[in-house]
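My structure is below; once you've seen it, I'll send some questions.
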Amino acid sequence: MAVADLLEFFSTNSLSWEQLSKDAESEFMNLHYGLIHVGLPTIVNIGKDILPYIKGDAIPRNYVLCENGDISFADASEDTSEVAKVIEFTGIGNEKVVSGLHTIHGRDKQKKTIVGFKGYLFSSEAFHKQTRRIAQGSKVFSISSKNFVEIFVSIPSKEEQRKIADSLRLLDERIATQRRLIEDLEKLKTSIVDRCYRGNNNIKLGEFISQVSHRNRSNHTYKVMSVSNVRGFVPQSEQFADREIASENTMSYKIVTKDIFAYNPARINIGSIARFKGNDTGIVSPMYVCFKVEGGLQPQYLEHFFETRRFKNDVEVRLEGSVRRCLNFDALCEIEIPQLPLTEQVAISSALETVIRKIAIEENIFYKMDKQRKHLLSKMFI
């Protein structure tokens, strides 16, 4: 049946983030579309999941309170796959909740569906395949309640709905637990890093590092690499999957081998600095600054130092330029690092690598569960 025949739609408010507060300045909670895109699960339990409150002077004159089983779609996104991303409300109790900016508030007034099913129904690939076709826009894509006349869904029996909802809810709970585990491990890693690099016996990086600039003069077909602020060195083809960046002539590109560091002078302030860990050879754009570590400093110890708040703060105060703020190599050399015996450096690196390996294992489990969820959403709703 058409979604427009299943749902009745209500008007929503247009309150901005500035009109909302994390403190209970009024009795009204408000759903902003940004929370649908990032922050909230598919099935929102008002008793557990946090929504902002409307500030006392911003309460709209006209509103429709959300009820258990109501759904809210995000009506806009820069990505067509995120248009009409949805949440379903549960656990509202006596709370007053309204649907806000860039949302579409819908309710199954005919009671054809059970509470906890529609969130998954409207997260299915069968549903979003239709919304991607209808979404309009160039940079920002949007959809309106009028478009739901053209979108169709299949409604199984309520017994089948309950089975589907229970299966996906349990999987979502497991995924949420896994996400929290990863977040806790990341916090542990950050805590170890900041605690271990807090020493006062400091020495300038320039005492241990020297710039290297070996060029690919033979125009050899080495793999072209980029430095990501999240994943470190990655093939450029992965970093810029939608377009070719490197030229056919790479003679001016810089060669990187194991334990060579590279950073983007204009992006080091957001973490684009990394150690090349592969045993093969790669090349990076001429814009990168490359350097090696010399005696007295373990490369892994330095690598983890670059993740500290201390280093990031030191970078920030040394950036130069008005339009594009950059960090040159001489300025990097002026940054100080705690000077420790190599045995202690190795011990710190070893402890951190243990946590990093654990994070990688748990992330792999998370990605497998997320993949299973997507598979179920594509197969349970046809």
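The values are calculated or read from the model by the stated rules, or taken from the named source; none is laboratory data. Owing to the predicted nature of the structure, the values given are computational and were not obtained by experimental measurement. Don't worry about glycine lacking a Cβ; one is built from the backbone with ideal geometry, like all the others, and counts go over all protein chains shown.
Filter region 1-19 for residues that are more than 30 Å from LYS112 (Cβ to Cβ) and either part of a helix (DSSP H, G or I) or under 23 Å from the mean Cα position of the chain (by Cα) (or both) and give the result.
Selection gives SER16, TRP17, GLU18, GLN19.
For THR80, are the conditions met, namely being surrounded by fewer than 19 Cβ atoms within 10 Å (Cβ to Cβ) and on the phi < 0 side of the Ramachandran plot?
Working: surrounded by fewer than 19 Cβ atoms within 10 Å (Cβ to Cβ): yes; on the phi < 0 side of the Ramachandran plot: yes.
Yes; evaluated as a whole, the condition is true for this residue.
Right, another one. Can we say MET251 is in a loop (DSSP other than H, G, I, E, B), more than 23 Å from ASP194 (Cα to Cα) and touching a strand residue (DSSP E or B) at 6+ places or on another chain (Cβ under 8 Å)? Show your work before the answer.
Details: in a loop (DSSP other than H, G, I, E, B): yes; more than 23 Å from ASP194 (Cα to Cα): yes; touching a strand residue (DSSP E or B) at 6+ places or on another chain (Cβ under 8 Å): yes.
Answer is yes for this residue.
Sticking with this structure for a sec: How many residues does region 199-224 contain that are within 16 Å of PHE311 (Cβ to Cβ) and touching a strand residue (DSSP E or B) at 6+ places or on another chain (Cβ under 7 Å)?
Number satisfying all stated conditions: 7.
Return the residue satisfying two criteria in turn: it lies in region 278-303 and is touching a strand residue (DSSP E or B) at 6+ places or on another chain (Cβ under 7 Å) and over 23 Å from ALA331 (Cβ atoms), and of such residues it is surrounded by the most Cβ atoms within 10 Å (Cβ to Cβ). Walk me through it before giving the result.
Restricting attention to region 278-303, the residues satisfying the condition of being touching a strand residue (DSSP E or B) at 6+ places or on another chain (Cβ under 7 Å) are 281-284, 286, 288-294, 299, 302-303.
Narrowing the set further to residues that are over 23 Å from ALA331 (Cβ atoms) leaves 281-283.
Values: THR281: 17, GLY282: 22, ILE283: 24.
Of everything passing the filter in region 278-303, ILE283 is surrounded by the most Cβ atoms within 10 Å (Cβ to Cβ).
Results for (1) part of a loop (DSSP other than H, G, I, E, B); (2) at pLDDT below 90; (3) out of contact with any Asp or Glu (no Cβ under 6 Å at 6 or more places or on another chain), shown as yes or no for each residue.
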residue: LYS146; (1), (2), (3): no, no, yes
residue: ILE155; (1), (2), (3): yes, no, yes
residue: LEU168; (1), (2), (3): no, no, yes
residue: THR177; (1), (2), (3): no, no, yes
residue: GLU186; (1), (2), (3): no, no, yes
residue: VAL193; (1), (2), (3): no, yes, no
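Now a separate question. Here's a check for you: in region 25-69, which residue that is in a strand (DSSP E or B) and of a type outside the set (A, V, I, L, M, F, W, C) is surrounded by the most Cβ atoms within 10 Å (Cβ to Cβ)? Spell out the reasoning first.
So the first thing to find is which residues in region 25-69 are in a strand (DSSP E or B), and the list is 28-31, 43-45, 53-54.
Among the residues that remain, those that are also of a type outside the set (A, V, I, L, M, F, W, C) are: 30, 45, 53.
On the way: ASN30: 29, ASN45: 15, TYR53: 19.
Here the residue is ASN30.
Hey, can you tell me all the residues within region 322-331 that are over 16 Å from LEU205 (Cβ atoms) and touching a residue at least 40 places away in the same chain (Cβ under 8 Å)?
Of all residues in region 322-331, those over 16 Å from LEU205 (Cβ atoms) come to 322-326.
Once the filter is applied, which keeps residues that are over 16 Å from LEU205 (Cβ atoms) and touching a residue at least 40 places away in the same chain (Cβ under 8 Å), region 322-331 yields ARG324, ARG325, CYS326.
Can ILE365 be described as surrounded by 12 or more Cβ atoms within 10 Å (Cβ to Cβ) and either over 26 Å from the mean Cα position of the chain (by Cα) or closer than 30 Å to GLU248 by Cα (or both)? Please lay out each step first, then the result.
Values: surrounded by 12 or more Cβ atoms within 10 Å (Cβ to Cβ): yes; either over 26 Å from the mean Cα position of the chain (by Cα) or closer than 30 Å to GLU248 by Cα (or both): no.
Spelling it out, it is not the case that ILE365 is surrounded by 12 or more Cβ atoms within 10 Å (Cβ to Cβ) and either over 26 Å from the mean Cα position of the chain (by Cα) or closer than 30 Å to GLU248 by Cα (or both).
Residue pairs, Cβ under 8 Å, 6 or more apart or interchain, first in region 269-280 and closer than 12 Å to PHE311 by Cα, second hydrophobic (A, V, I, L, M, F, W, C) and part of a loop (DSSP other than H, G, I, E, B). List them.
ASN269/LEU319; ASN269/LEU327; GLY271/VAL230; GLY271/PHE306; ILE273/PHE306
May I pose another question? Within region 332-354, which residues are surrounded by fewer than 17 Cβ atoms within 10 Å (Cβ to Cβ) and either over 19 Å from ILE209 (Cα atoms) or without any contact (Cβ under 8 Å) to a residue 24 or more places away in the chain (or both)?
PRO341, THR343, GLU344, ALA347, SER350, ALA351, GLU353, THR354
When you scan region 93-118, how many residues do you find that are in a loop (DSSP other than H, G, I, E, B) and either of a type outside the set (A, V, I, L, M) or at pLDDT below 95 (or both)? It would help to see each step written out before you state the result.
Of the residues in region 93-118, the ones in a loop (DSSP other than H, G, I, E, B) are 93-95, 100-102, 108-117.
With either of a type outside the set (A, V, I, L, M) or at pLDDT below 95 (or both) added as a condition, the list becomes 93-95, 100-102, 108-113, 116-117.
Total satisfying the criteria: 14.
Which of (1) among the β-branched types (Val, Ile, Thr); (2) over 23 Å from ARG180 (Cβ atoms); (3) free of Cβ contacts under 8 Å to residues at least 40 places away in the same chain is the odd one out, the single condition VAL3 does not satisfy?
(3)
Just name the residue that is farthest from LEU376 (Cα to Cα) out of those in region 128-146 that are surrounded by fewer than 20 Cβ atoms within 10 Å (Cβ to Cβ) and hydrophobic (A, V, I, L, M, F, W, C).
VAL140
So, one more: Name the pairs whose Cβ atoms lie under 6 Å apart, with the first residue in region 161-175 and under 13 Å from MET380 (Cα atoms), the second at pLDDT below 95 and charged (D, E, K, R), and 6 or more positions between them or separate chains?
none
Just for region 370-382: of the residues that are surrounded by 15 or more Cβ atoms within 10 Å (Cβ to Cβ) and in a helix (DSSP H, G or I), which one is modelled with the highest pLDDT? Talk me through it step by step, then tell me what you get.
Start the filter on region 370-382 by keeping residues that are surrounded by 15 or more Cβ atoms within 10 Å (Cβ to Cβ), which leaves 373, 376-377, 380-381.
With the extra rule that they be in a helix (DSSP H, G or I), the set shrinks to 373, 376-377.
Working: ARG373: 93, LEU376: 90, LEU377: 90.
Of everything passing the filter in region 370-382, ARG373 is modelled with the highest pLDDT.
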